[in-house]
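> Before I ask anything, here is the structure I am working with.
Throughout, read-outs are computed from the coordinates displayed, never taken from laboratory work. Please read these numbers as outputs of a predicted model, since none were measured by experiment. Because the Cβ atoms are built from the backbone with ideal geometry, glycine has one as well, and the counts that use them run over all protein chains shown.
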Amino acid sequence: MGFVVLLLLLALLVVASIYVVRIYNGLVALRENVRKAWSNIDVLLTQRHDELPKLVATCKRYMQYEQETLERVMQARGAVSRAQSQRDIPAVGAAEEQLRSVLGRLFAVAENYPDLKADATFAHLQRRISEVEEAIADRRELYNDAVNLNNIRIQAFPDLIVARSFTFEQAALLEFAESERKDVDLGQLFE
């Protein structure tokens with residue numbers, strides 16, 4: 001009888017261990033999906049980061065009176081880069097909002113410069129940056145989905161026991177301010 005109880009306890013221990021390992025492996029997979037999704041955004045931010053100096057250089061040839069706008073683009077670019085290098089997701093969201101705002105202003109001001117608008121390099125860079133912006137928005141959605149799945153799992157029972165035991169942490173959503181979600185006031189951009 002004692003041998004049967006011992007076998008039963010041993011079987012129960014093996015099943016419990018397998019269950020904990022499955023939970024742990026699931027949490028690792030979720031954490032790595034968050035990292036992968038962030039890496040995809042990081043690549044796009046870097047691509048846009050590399051395009052902005054070219055855009056500013058092209059604009060400088062035509063926009064002698066808009067130095068402040070061009071400087072703001074480069075300052076915003078630097079803020080995104082710093083937040084990106086520190087992997088500070090909330091700071092990336094805030095810096096992205098600032099960069100999108102000054103880029104909108106730059107493109108609006110460019111309307112006043114017909115020679116700039118006709119420049120093939122400017123048109124290419126404007127199109128390229130717009131494409132990257134759309135890709136960032138798509139990847140942001142995937143990233144936030146991965147973060148949401150991760151955060152739910154590490155807070156749900158029984159996964160939270162394993163998550164706390166192995167110090168799995170919640171990930172931060174990449175969010176933009178409320179002003180980013182509203183329609184752009186084109187009249188304000190041309191003031």
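> Would the stretch 1-65 count as rounded, prolate or oblate if I go by the C-alpha gyration tensor, calling it rounded below 1.5 in a/c and otherwise prolate when a/b exceeds b/c, oblate otherwise?
prolate
> On a C-alpha basis, how far is the centre of the stretch 23-38 from the centre of the stretch 42-98 in Å? Whole number, if you could?
30
> Using DSSP to define loop residues, name the GluC sites (Glu not before Pro) in the stretch 79-150 whose beta-carbon has at most 16 other beta-carbon atoms within 10 Å.
When the GluC sites (Glu not before Pro) of the stretch 79-150 are filtered for loop state and at most 16 Cβ neighbours within 10 Å, E111 remain.
> Moving on to the next point. Using only Cα atoms, find the angle between the long axis of helix 2-60 and the longest principal axis of the chain, and express it within 0 to 90 degrees, rounded to the nearest 10.
Tilt relative to the chain: about 10 degrees.
> Still on this structure, I have one more. Whats the longest run of the chain with zero chymotrypsin sites (Phe, Trp or Tyr not before Pro) that are DSSP loop and have at most 13 other Cβ atoms within 10 Å?
Longest stretch, sites excluded: 66-165.
> In the chain, once you exclude exposed trypsin sites (Lys or Arg not before Pro) (DSSP loop, at most 15 other Cβ within 10 angstrom), what's the longest stretch remaining?
88-181
> As I understand it, the value is the acute angle between the Cα axis of helix 89-110 and the longest principal axis of the Cα atoms of the chain; what does it come to in degrees, rounded to 10?
So the helix axis and the longest Cα principal axis differ by about 20 degrees.
> Which value in deg cm²/dmol, rounded to the nearest 500, describes the helix-derived mean residue ellipticity at 222 nm for the chain, given -39,500 (n - 2.57) per DSSP H run of n ≥ 4 and division by the residue count?
-28000 deg cm²/dmol
> Please work out which option in (1) 9, 29, 27, 20, 13, 3, 0; (2) 9, 37, 38, 14, 2, 0; (3) 8, 28, 24, 15, 10, 7, 4, 2, 1, 0 gives P(r) over Cα pairs in 10 Å bins from 0, in percent calculated from these coordinates, and answer with its label.
Calculated P(r) over Cα pairs in 10 Å bins from 0, in percent: the matching label is (3).
> Specify the angular offset, from 0 to 90 degrees and rounded to the nearest 10, of the alpha carbon long axis of helix 67-85 from the longest principal axis of the alpha carbons in the chain.
The answer is roughly 10 degrees.
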